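This is the structure, below, for whatever I ask next.
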């Protein structure tokens, strides 16, 4: 008898779902709604442009040659299909937590925790990776302006994937960047959104400057051998480039802090997607027109700035671009750090993590504990782990999240066809199916080692869920009658 009751009970616990109504109007602590459409769009652009275009060309171009333009378009199509699916779920489940919250409402608790593992890995690693890339542009700007370079010991991690790559003691600029972003986020969401919007406008202006100047040295012969490494390499490069589309997911982490989220979030997602793809393709095309694809090898750090210096024969334009990149990548780090803190907040509010993650400051209206904890973890990762080990792991987390979102659209359409939706995916069900297939294609091109690391992390996270989250889940406690909705604490501190 005990066996027959335990097994269904365990199965019921693993697959229980958070009602869509409760997801959209959660019990417990809440954040303040202060972010409008323009600022939210700038969140998406800010978290995306900068990561990919400012230093991923040095990795992606050697993987695919001039055909990397197709890789950008392929990654953009996959991201675009997923963004459309995000827009529908964001209008239906307008809450912080991104794909974790969507999976909880559509697929069940255990899937939501698996998705959370993807998201936390994705955001933590991407923030560290971007901070690592920031160091190169900062050093370039310091060198051009003041005539000296920062010490190598303070610019690089103690080891590198490439035996010929430089090493040091600690990537100190990366740690400083994370610390500055943490301080800004602690001031409040509206202040952070305003600062990010200013930085995004600057970065777009700098990238337009690069395109105009680079096109003056355009050489069509650089595209003559368009696929020197074969067609399969295009997919491999697309997997690397997908690292840069994390910003689209960052928009959906702000659900609790957006004004009129049912309308604002879909609009911001689509607008950010269009801006990102246009700028990525323009910059990649202009950069490839200036030099043979083989010369991109090793240009991960301040690559675009070096291209401008070669084209113009003067340091001034490269210096301007390097300074623009310093500001630009600051905004990427700010938004991805923000995104992870809000995912942790949603999980803490749901009881899937200890209550410390659900605490909200009465003074700033932000999850202060989450911001400090995440900043410390990311700073350690950025200080001591080289960029080479990080990018593909981010891609697999992003792609998995995109697949879950696309699947969630289909499930929610079937399960709750009459649910109010401010935005509906056009071309349903073809669009979400194509999104799943596109993401699956890019996933299939990733190295097996990436899969091993990813699987290991998810298993560890699910083990934590089995021992902690499953027992402390607010949904579970409500179902068992241990608490009532009115007894869920509205956690405030300070």
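Test each condition in (1) surrounded by fewer than 24 Cβ atoms within 10 Å (Cβ to Cβ); (2) over 18 Å from residue 200 (Cα atoms) for residue 340 and report the one that comes out false.
It is condition (1) that residue 340 fails.
For segment 347-369, state whether one or more residues are under 20 Å from the mean Cα position of the chain (by Cα), closer than 30 Å to residue 100 by Cα, assigned to a helix (DSSP H, G or I) and in contact (Cβ under 8 Å) with a residue 24 or more places away in the chain.
Looking for residues that are under 20 Å from the mean Cα position of the chain (by Cα), closer than 30 Å to residue 100 by Cα, assigned to a helix (DSSP H, G or I) and in contact (Cβ under 8 Å) with a residue 24 or more places away in the chain, one finds at least one in segment 347-369, hence yes.
For (1) surrounded by fewer than 24 Cβ atoms within 10 Å (Cβ to Cβ); (2) within 15 Å of residue 57 (Cα to Cα), each residue gets a yes or a no:
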residue	(1), (2)
216	yes, no
223	yes, no
227	yes, no
238	no, yes
251	no, no
255	no, no
265	no, no
270	yes, no
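Among the helices (runs of 4 or more DSSP H) confined wholly to segment 1-113, which include 3 or more residues that are surrounded by 23 or more Cβ atoms within 10 Å (Cβ to Cβ) and modelled with pLDDT under 75?
Answer list for segment 1-113: 51-55.
Applying the selection to segment 142-166, what residues are without any contact (Cβ under 8 Å) to a residue 60 or more places away in the chain, surrounded by 14 or more Cβ atoms within 10 Å (Cβ to Cβ) and not in a helix (DSSP H, G or I)?
Of everything in segment 142-166, those that are without any contact (Cβ under 8 Å) to a residue 60 or more places away in the chain, surrounded by 14 or more Cβ atoms within 10 Å (Cβ to Cβ) and not in a helix (DSSP H, G or I) turn out to be 150, 155.
Here's the yes/no breakdown for (1) in contact with a helix residue (DSSP H, G or I) (Cβ under 9 Å, 6 or more places away or on another chain); (2) buried (at least 21 other Cβ atoms within 10 Å of the Cβ); (3) within 13 Å of residue 31 (Cβ to Cβ):
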{"position": "347", "(1), (2), (3)": "yes, yes, no"}
{"position": "350", "(1), (2), (3)": "yes, yes, no"}
{"position": "355", "(1), (2), (3)": "yes, no, no"}
{"position": "365", "(1), (2), (3)": "yes, no, yes"}
{"position": "372", "(1), (2), (3)": "yes, no, no"}
{"position": "378", "(1), (2), (3)": "yes, yes, no"}
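So the check is Cβ under 8 Å with 6+ separation or different chains; which pairs have a first residue in segment 447-463 that's without any contact (Cβ under 8 Å) to a residue 12 or more places away in the chain and at negative phi and a second one that's in a loop (DSSP other than H, G, I, E, B) and loosely packed, with under 10 Cβ neighbours inside 10 Å?
none
Moving to a separate point now. Listed residues 209, 199; which is touching a helix residue (DSSP H, G or I) at 6+ places or on another chain (Cβ under 6 Å), modelled with pLDDT of 90 or more and under 18 Å from residue 322 (Cβ atoms)? It would help to see each step written out before you state the result.
Numbers: 209 fails: touching a helix residue (DSSP H, G or I) at 6+ places or on another chain (Cβ under 6 Å).
One residue alone meets the criteria, 199.
Let me ask something else. Restricting attention to segment 404-418, report how many residues are surrounded by fewer than 24 Cβ atoms within 10 Å (Cβ to Cβ) and in contact with a helix residue (DSSP H, G or I) (Cβ under 6 Å, 6 or more places away or on another chain). Steps first, please.
Step one: filter segment 404-418 for residues surrounded by fewer than 24 Cβ atoms within 10 Å (Cβ to Cβ), giving 407, 410-418.
Narrowing the set further to residues that are in contact with a helix residue (DSSP H, G or I) (Cβ under 6 Å, 6 or more places away or on another chain) leaves 410-412.
Counting residues in segment 404-418 that are surrounded by fewer than 24 Cβ atoms within 10 Å (Cβ to Cβ) and in contact with a helix residue (DSSP H, G or I) (Cβ under 6 Å, 6 or more places away or on another chain) gives 3.
Quick test of your reading of the structure: residue 438 fulfils all but one of (1) surrounded by fewer than 18 Cβ atoms within 10 Å (Cβ to Cβ); (2) part of a helix (DSSP H, G or I); (3) modelled with pLDDT under 85. Name the failing condition by number.
Looking at each condition in turn, residue 438 falls short on (1).
Name the residue, out of 410, 396, that is within 19 Å of the chain's Cα centre (by Cα) and either under 21 Å from residue 115 (Cα atoms) or free of Cβ contacts under 8 Å to residues at least 60 places away in the same chain (or both). It would help to see each step written out before you state the result.
On the way: 410 fails: within 19 Å of the chain's Cα centre (by Cα).
When all the criteria are applied, what remains is 396.
Okay, residues lined up against (1) assigned to a helix (DSSP H, G or I); (2) modelled with pLDDT under 80; (3) under 19 Å from the mean Cα position of the chain (by Cα); (4) more than 20 Å from residue 12 (Cβ to Cβ):
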{"site": "401", "(1), (2), (3), (4)": "yes, no, yes, yes"}
{"site": "406", "(1), (2), (3), (4)": "yes, no, yes, yes"}
{"site": "414", "(1), (2), (3), (4)": "yes, no, no, yes"}
{"site": "452", "(1), (2), (3), (4)": "yes, no, no, yes"}
{"site": "459", "(1), (2), (3), (4)": "yes, no, no, yes"}
{"site": "468", "(1), (2), (3), (4)": "yes, no, no, no"}
{"site": "490", "(1), (2), (3), (4)": "no, yes, no, yes"}
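Of these, 275, 307, which one is within 27 Å of residue 96 (Cβ to Cβ), out of contact with any strand residue (DSSP E or B) (no Cβ under 6 Å at 6 or more places or on another chain) and part of a helix (DSSP H, G or I)?
Values: 307 fails: within 27 Å of residue 96 (Cβ to Cβ).
Only one candidate passes the filter, namely 275.
Test of understanding: among 318, 298, which residue is modelled with pLDDT under 80, outside any helix (DSSP H, G or I) and either in contact with a helix residue (DSSP H, G or I) (Cβ under 7 Å, 6 or more places away or on another chain) or under 25 Å from residue 43 (Cβ atoms) (or both)?
298
Same structure, new question: From 153, 117, 129, grab the single residue that is within 30 Å of residue 404 (Cβ to Cβ) and modelled with pLDDT of 85 or more.
On the way: 153 fails: within 30 Å of residue 404 (Cβ to Cβ); 129 fails: modelled with pLDDT of 85 or more.
Exactly one of 153, 117, 129 is within 30 Å of residue 404 (Cβ to Cβ) and modelled with pLDDT of 85 or more, namely 117.
Mind listing just one residue for me: the one in segment 272-281 that is surrounded by fewer than 19 Cβ atoms within 10 Å (Cβ to Cβ) and touching a residue at least 60 places away in the same chain (Cβ under 8 Å) and, of those, farthest from residue 215 (Cα to Cα)? Write out each step before concluding.
The initial filter retains those residues of segment 272-281 that are surrounded by fewer than 19 Cβ atoms within 10 Å (Cβ to Cβ), namely 274-275, 278, 281.
Those still in the list that are touching a residue at least 60 places away in the same chain (Cβ under 8 Å) too: 275, 281.
Details: 275: 20, 281: 13 Å.
Result: 275.
The values are calculated or read from the model by the stated rules, or taken from the named source; none is laboratory data. Since the model is a prediction, treat every value here as computed from it, not as a measurement. Reconstructed Cβ throughout: ideal geometry from the backbone, glycine too, with neighbour counts over all protein chains shown.
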